[in-house]
Amino acid sequence: MGKTLLSKGLAVAVLSAVLGASPVLAADYPSKDVRIIVPFKPGGGVDTTSRILAEYGNKHMGKKGKLVVENRAGGGGIVGQTFAAKAKADGYTVLAMTSSVVTNPVLKETEYKVADFRPVALYNMDPEVIVVGASSPFTAIADLVKAAKARPLTVTVAGIATSHHMAGLALEDSAGMKFTYVPTKGFGAQLQAVMGGHVEMGLFPLGEIKKHADAGTVRILAVATDKPMKILPGVPTWQDSGLNVKRWTTFRGWAVPKGTPDKAVKFLSDLLGKISADEAYVKQMTDYGFPIAYEDAKGFAEVVTDYADITDKVIKKHGLKEKK
Amino acid sequence: MTEIALGFATLLHPTVLGFLLIGIVAGLIVGAIPGLNDNIAFAIFIPLSFSLSPTYAFALMVGLYCSAAVGGSIPAIMVKVPGTASAVLTAIDGHAMARNGFAGRALGIAITSSVFGGFSSALILLFFAPPMAAFALRFGYVENFSLGILGMASVIGLLGGSIIKGLLSAVLGLLVATIGFSLQTGYPRYTFGIDNLYEGVPFVPLLVGLFGITAVLELSEELIRDRRKGVASPDMPRITDSLFIGWPLAKRLLPTWLQCSLLGNVIGVIPGAGMLMAIYMGYERISHRYQRLFAGKPGEPEWGQGAPEGIAAPESANNAVVASSMVPLLSLGIPGNSVSALFIGAMMIQGMVPGPLLFIDHADIAWMIIVAFLVANVLMWPIAYALVRTISGMVFRLPKYVLVPTISLLCLTGAYSDENSVFSIGVAIASGIVGYATRRLGIPHAPLILALVLGRTIEDNLSNALNIGGGNWLIFLDPAEHPISVALMAGAALFIVGPLLSGARRRFQAQRRAAELELENG
Amino acid sequence: MHVVGIIDFWSGLVFACLGAAACVMALGFDSDSSTYPAALAAALMGLGLALVVKAVRRPAAAKAVDAEGSRIILWGPGLEVGVWCLWALTLWAGLGYIGPAFLAVLFLIMRHCADRRTRLHVAQAAGVAIGVFAIFYLIFQVPLPELEFIRDMLE
């Protein structure tokens, strides 16, 4: 028993020396590190944007605490999302919230509901784009639509019942196109299939494909936003191309567990606002192809509801809910 | 040529070179610690790379990537615990050679073979990246399925004793690989409602368990056996001989190096194939060569008992995958494996994106990365030679009874750090038990591991290929549309028929010898 | 020798049962994703049975179970696995990293080492636990459960 106490004492000594940990009071938020839970492995889009945010955010965080990114991968995001939902609602655990937080509880048996989170702010909207390889015979969206009405086109999506698969289903419903879905794990493998001509088209989030389009190895034929995008000159929207899908965007933002104090939510929401106004940050994100879109807690909540509405329709119509 | 000069000019800055050196040393150490690998090290380094200039960050990453596989061979040889997954085969002949008193030579072979393989792939990256990238791009669903079949076929030659047990091992691996959601429908198979299994059994903990924990359990068995017998457990082998392998041995190993480096380079450029496939295929090929040329000759050990080729084959193959896995990443922006996928994250943090644009927007950095692979392999040779004694002395001179729990703790903590979850520790322990039990039962590991690596590739690409091809099974053998697939399938057929033929030939020769003997005596 | 004493007989039986169970489960999956695992599971069952049949037909060729060997497995690898399973449970229960790791390593060292030098062993175990913790937590910044445990204790 003495040994346990000794080692625990030692552990406390080591840690408090390292962390400078001190008792936490709610009054002076943030008084210690705020961890951003990324429910994916390091290196992907969510992880990297979260780390970029942390880097710029720490300029405004003061001395007592920093933003720290923590990866809790597994289960297609569910493990980390559940972890964040169950965390203490003290404002020191933030989830890097993506669209899958909305669809996972609908599609699968998860231990959390969307309502378990309180949206903080949104920092990026990633519209869906229709992509073909550089050597594809389709040069304009009209050619592709015509072909897809005549026979099913092979289309690579990141997985069945992902937002990208649902975008394809929405196109089938409202534009009369026909697709054969080729689920492919990972954007890299999808890119390989499109570039190598192993499939006829791909559905991608813009951030993952923008730079490759710039390099000329793939072509973006249409983008699912309300208005044509400035960073995509000459690319029509889905709506203008007669596809009857007004917009299809996945989002990235921050959320905290339900019951987090208002003060903390306001602080974090303002923090994202400050970061989004930082020119260096804007340049780094847009350079990569992540369009900046800041919404505060209220605006973010609307985006979440909007996304839930459009996906719900597709999920119900096509029976995507996991059968048990 | 001017681009290459630009790369050198960027790299030869003293601080950049310093970071490359730090990377090489760090890679050797990270690789040498069981439970840690380049994947984990990168994941941790990427966030730290914000404050570094991109030249420093990439120099360090390249150095680390090149030398991690070499580091992994140190514990494999000294204590039979592979430091990284890529050293699992090195542990067999390497440790046997070390126990025979030639630890230095084993390490020397591992280092030299690694440098050879690594250097060859750096040359491919430097001079042949565009055609190799075009080749990689031709791998679609059909080709990837055939590649998976080729990988599985290469196992036939490694089965050894019982065919039933070999097949059992392969089927078990394929079945475990189906755990997780089905790509075709998203249905969660064999997950028992556990979220952590939804994406399949977490791979890093699985390998840590199969390689690290299995090895620890064997060591622990050895310790208890000696204790119960009342004898002192023999110490781990030490380096008592020279690390330098000498010219005659180098000349003898040259064909092995060439063959395995070629194989590693080809497999390296194909996205998704990976190091484990390269080492098993190389090991299988070279085992036949060894049986034909050396086995049974005086002074030559049996295959698996300390054959120099048994170290040279996997070590040159695994390092040949390193730089070549960067070919699709740098030329096309497609990550070839999990480590090069982490390069994307690091580049993104620096505001860059891999692919053709990198060579336009940041030509200096793009060419520096390429040149750095070449220089890292050149520098790695003397550095590894200089440090290998220190590293193996520092860690592995602990008494065996301390070493065993230390390696366990390292492996399990490493497993935890993959997804920061206790579930991963459970996976590592469970796969350690499976690895140990199957070994006790005489079930070979090679089919199991290759099946685990390739199982998903085979199933997913098969269903996608059939889906696109309208259910036509003959697409895999269509010479007009998929010539690569036809070649791969032919290779697979050779892998299956080859060992059968050579077995038949051996039996025939034995019969003839017996008949001749009878004639002489009669 | 009697069949019951042969390792292959038992391991074959285990694989056959495993295959049968996996096969039954696979038949419950949706039709598109059940054929492949069901076929594999059936193959596993068949190969397990083949192993059993071989052991029964040629018992002399197979390895037998021996008492000393089983005892070694139980007290060596068996104990090692048991200790680390317990350790994983303490981690899961949020009891921190270093303390339980120290105890686990100490126990295994005492168990493995023939002569008893308690003070040396305590020092060794403490060194290992703190050393590994330092590598992962301080250098690699892995969020080990220690963090929350300490935080909770301090609050």
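P(r) tail for the stretch A:127-248: Cα pairs beyond 17 Å make up 49% of the total. Using the alpha-carbon positions of the stretch B:189-341, Rg (one decimal) and Dmax (whole number) come out as 20.1, 62 Å. Within 10 Å of the Cβ of each residue in C:21-31, the mean number of Cβ atoms contributed by other protein chains is 3. I'd like the mean, over residues of A:211-222, of how many other protein chain beta carbons sit within 10 Å of each residue's own Cβ. Mean shielding by partner chains, rounded to a whole number: 4.
Amide H to amide H, with H built 1.01 Å from N, A:VAL182 comes under 5 Å of A:VAL155, A:THR156, A:VAL157, counting only residues 5 or more places away or on other chains. The simple Förster model, with R0 at 25 Å and r as the Cβ-Cβ distance, assigns B:ASN467 and A:ALA142 a FRET efficiency of 0.40.
The alpha-carbon of A:LYS66 sits under 16 angstrom from the alpha-carbons of these aspartates and glutamates, leaving out residues fewer than 8 places away in its chain: A:ASP28, A:ASP33, A:GLU55, A:ASP90, A:ASP270.
Taking amide H atoms as placed 1.01 Å from N in the peptide plane, the amide H of A:ALA222 lies under 5 Å from those of A:ILE130, each 5 or more residues away in sequence or on another chain. In order along the stretch B:102-115, the phi-based Karplus estimate (6.51 cos²θ - 1.76 cosθ + 1.60, θ = phi - 60°) of 3J(HN,Hα) comes to 10, 4, x, 5, 4, 5, x, 5, 4, 5, 5, 4, 4, 4 Hz; Gly and Pro are listed as x. Counting Cβ atoms of other protein chains within 10 Å of each Cβ in B:426-437 and taking the mean gives 3. Rounded to the nearest 500 deg cm²/dmol, what is the calculated helix-only ellipticity per residue at 222 nm for chain B, with -39500 (n - 2.57) per DSSP H run of length n ≥ 4? Value at 222 nm, helices only: -24000 deg cm²/dmol. Sorting the segments C:139-145, A:188-194 by their mean number of nearby beta carbons within 10 angstrom, highest to lowest, gives A:188-194, C:139-145. Going Cα to Cα from B:LYS400, which aspartates and glutamates come in below 18 Å? Please leave out same-chain ones fewer than 8 positions away. Leaving aside aspartates and glutamates fewer than 8 places away in the same chain, those within reach of B:LYS400 are B:GLU218, B:GLU221, B:GLU222, B:ASP226, B:ASP235, C:GLU80, C:ASP115. Here chain B is assigned +1 on the Cβ of each Lys and Arg and -1 on the Cβ of each Asp and Glu. Its dipole about the Cα centre then comes out at about 1540 debye.
Using only the alpha carbon atoms of the protein assembly as shown, find the Kirkwood hydrodynamic radius as the inverse mean reciprocal pair distance, in angstroms to one decimal. Radius from the Kirkwood sum: 29.7 Å. For chain C, just say rounded, prolate or oblate: build the C-alpha gyration tensor, square-root its eigenvalues into a ≥ b ≥ c, call rounded for a/c under 1.5, and beyond that prolate if a/b exceeds b/c, oblate if not. Oblate, since a/c reaches 1.5 and b/c is not below a/b. Within the stretch B:2-469, all pairs of alpha-carbon atoms sorted by distance into 10 Å bins from zero give the percentages 4, 21, 32, 28, 12, 3, 0. Pairs exceeding a 20 Å alpha-carbon distance, out of A:LYS59/A:LYS266; A:LYS146/A:LYS316; A:LYS178/A:LYS313; A:LYS113/A:LYS313: A:LYS146/A:LYS316.
Rounded to the nearest 0.05, the FRET efficiency derived from the C-beta distance between A:ASP270 and A:LYS298 at R0 = 22 Å is 0.95. Taking the charge dipole of the protein assembly as shown about its Cα centre, with +1 at Lys and Arg Cβ atoms and -1 at Asp and Glu Cβ atoms, the residue from B:PHE42, B:ASN319, B:VAL375 reaching farthest to the positive side is B:ASN319. Listed values for the stretch B:243-260 are Karplus-derived 3J(HN,Hα) couplings in whole Hz (6.51 cos²θ - 1.76 cosθ + 1.60, θ = phi - 60°), namely 7, 7, 8, x, 5, x, 5, 4, 5, 5, 7, 3, x, 4, 4, 4, 5, 6, and x replaces Gly and Pro. For the stretch C:69-123, trypsin sites (Lys or Arg not before Pro) are listed when DSSP marks them as loop and at most 15 other Cβ atoms sit within 10 Å of their Cβ; the list is C:ARG116, C:ARG117. Rg then Dmax, both in Å and based on the Cα atoms of the stretch C:3-61: 13.5, 45.
Per-residue 3J(HN,Hα) values for the stretch B:348-362, derived from phi via the Karplus relation 6.51 cos²θ - 1.76 cosθ + 1.60 with θ = phi - 60°, read 4, 5, 8, x, 10, 9, x, x, x, 5, 4, 6, 8, 6, 9 Hz in sequence order (x marks Gly and Pro). Relative protection proxy for B:79-91, C:45-57, from highest mean packing down: B:79-91, C:45-57 (other beta-carbon atoms within 10 angstrom). Label-to-label distance, B:ARG389 versus B:ARG506, with points set 7 angstrom from Cα along the beta-carbon direction: 4.1 nm.
The Cα-based radius of gyration of chain A, divided by its Kirkwood radius, gives an Rg/Rh of 1.03.
Computed packing ranks the peptides B:475-487, B:61-73 as B:61-73, B:475-487, most packed first, by mean other Cβ atoms within 10 Å. Counting only DSSP beta bridges with both residues in the stretch A:127-248, the antiparallel share comes to about 55 percent.
Taking other C-beta atoms within 10 Å as the exposure proxy, B:SER408, A:SER269 rank A:SER269, B:SER408 from fewest upward.
Taking every Cα-Cα distance in the stretch B:432-511 and sorting them into 10 Å bins starting at zero, the pair-distance distribution P(r) comes out as 15, 27, 29, 22, 7, 0 percent. Between the listed residues B:ALA69, B:ILE33, A:ILE52, the Cα displaced farthest toward the positive end of the dipole of the protein assembly as shown, a dipole computed from Cβ unit charges relative to the Cα centre, is found at B:ILE33. Annotation: the antiparallel percentage among DSSP beta bridges lying fully within the protein assembly as shown is about 65.
Counted without the sites themselves, the longest stretch of chain A free of GluC sites (Glu not before Pro) in a DSSP loop having at most 15 other beta carbon atoms within 10 Å is A:112-321. Students often get this wrong, so check it: of A:LYS185/A:LYS211; A:LYS32/A:LYS211; A:LYS86/A:LYS317; A:LYS230/A:LYS321, which have C-alpha atoms separated by over 26 Å? Long pairs (Cα-Cα over 26 Å): A:LYS32/A:LYS211; A:LYS86/A:LYS317; A:LYS230/A:LYS321. Tell me whether the stretch C:17-100 comes out rounded, prolate or oblate; compute the Cα gyration tensor, take square roots of the eigenvalues as a ≥ b ≥ c, and use a/c under 1.5 as the rounded threshold. Oblate, because a/c is 1.5 or more while a/b does not exceed b/c.
Read-outs: derived from the displayed coordinates by stated rules, not from any lab. As the structure is a prediction and not an experimental result, all values here were calculated from the model. All Cβ positions, glycine included, derive from the backbone under ideal geometry; neighbour counts span all protein chains shown.
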